[in-house]
Amino acid sequence: MNLHQSLKTDKAPPDQILDAAAACFMEKGYSGTSLDDVARHMGATKGRIYHYFGSKSELMHAVRKRAMDINFAAIRPAYESGLPPVEKFRAMAEAHALNMMEEQAFQKALFDSLHLHITRGNTSIQDALLEEFITDRRKFENMFRDILLAGQASGDFDIKTLSYALHTVLTTLNSTLYWYSPRQGETTDTRRNISVELVEMALRALGACENSKD
């Protein structure tokens, strides 16, 4: 759930359930959250959840899938633009960094669920769902990889090992998951300023500081 909005009851019921589940998973973790918790967060019955989702693990997968859909939607306009590599990277990276804060509940659920399924034994169904997520995540990372390759070829980025550069900049952009908390009276402009600063750090790591804003 977007942390900076209350739960929207005008959404379709499945979307309300996903918002509530993401908020509960962020607050209590997957293991500590029950479907009763999600129902209470919605002010509904557990039966309403079971009407759409057969289990807590199925609900977690739906939250994870929604988080990835949100991530793709945030960066796709810049990725499909005709901007040169540095500016395309800047636009994608700022959108992603802002999204990590604006949709913090979904993003934390996404990262926490990956750790959960890697560190615990999985059923064949869970393995398949995890593989689906890994495929989506690889597609997402490859969108940034494409821009880094283009910038490397044009000489805009000073990159020696592409995989190191890719994971370094994504770690920087994702870092707010571990230290950011919204403050009273904070606005989107505040979060946008944070994202701009993180992207400047990433651009410097790519050797593109001469191309970045003053």
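Quick note: the coordinates plus some simple rules give every number you see, no bench work behind them. Remember, predicted model here, so these are calculated numbers, not experimental data. Glycine also receives a Cβ, built like all others from the backbone with ideal geometry; neighbour counts cover every protein chain displayed.
In nm, to one decimal, how far is the PHE72 label point from the HIS51 one, both placed 7 Å along Cα→Cβ?
Label-label distance for PHE72 and HIS51, simple model: 2.8 nm.
Pulled fully out, how much extra length does the chain show between ALA44 and ARG204, if you take 0.36 nm times their separation in residues and subtract their Cα-Cα distance?
So the chain would gain 52.7 nm between ALA44 and ARG204.
Rounded to the nearest 10 degrees, what's the angle between the helix 162-174 long axis and the longest principal axis of the chain, both from Cα atoms, 0 to 90?
Between the helix axis and the principal axis of the chain, the angle is about 50 degrees.
How would LYS46, LYS88 line up from fewest to most surrounding beta-carbon atoms within 10 angstrom?
LYS46, LYS88
Hey, what do the phi angles of the range 34-46 turn into as Karplus ³J(HN,Hα) couplings, whole Hz, using 6.51/-1.76/1.60 and θ = phi - 60°, x for Gly and Pro?
10, 5, 4, 4, 5, 4, 4, 4, 7, x, 9, 9, 5
Please arrange ASP36, ASP112 by counting, for each residue, the other beta carbons lying within 10 Å of its beta carbon, fewest first.
In increasing order of surrounding Cβ atoms, one gets ASP36, ASP112.
Rg and Dmax of the chain, using alpha carbons, in Å: what are they?
Gyration radius and largest Cα-Cα distance of the chain: 18.5, 58 Å.
Students often get this wrong, so check it: of LYS88/LYS139; LYS56/LYS108; LYS46/LYS108; LYS88/LYS108, which have C-alpha atoms separated by over 21 Å?
Result: LYS46/LYS108; LYS88/LYS108 exceed 21 Å.
Once you have the Cα-Cα distance between THR171 and GLU27, take 0.36 nm times their residue separation minus that, and quote the gain in nm to one decimal.
Residue separation times 0.36 nm, minus the Cα-Cα distance, leaves 49.6 nm.
How high is the relative contact order of the chain, in percent, counting Cα pairs under 8 Å that sit 6 or more residues apart?
23 percent
Under a point spin-label approximation (7 Å from Cα along Cα-to-Cβ), what is the VAL196-ARG145 distance to one decimal in nm?
Roughly 3.2 nm, to one decimal.
Return the tail of the calculated pair distribution for the range 26-101, meaning the percent of Cα-Cα pairs more than 13 Å apart.
Tail of P(r) above 13 Å: 73 percent of Cα pairs.
Which value in nm describes the separation of the simple spin-label points at PHE111 and GLU58, placed 7 Å from the Cα toward the beta carbon?
A separation of 3.0 nm, rounded to one decimal place.
Can you work out ³J(HN,Hα) from phi for every residue in the range 100-106, in order, using Karplus 6.51 cos²θ - 1.76 cosθ + 1.60 and θ = phi - 60°, giving whole Hz and x for Gly and Pro?
4, 8, 5, 10, 4, 4, 5
By how many degrees, 0 to 90 and rounded to 10, does the Cα axis of helix 124-154 deviate from the longest principal axis of the chain?
Compared with the principal axis, the helix lies near 20 degrees.
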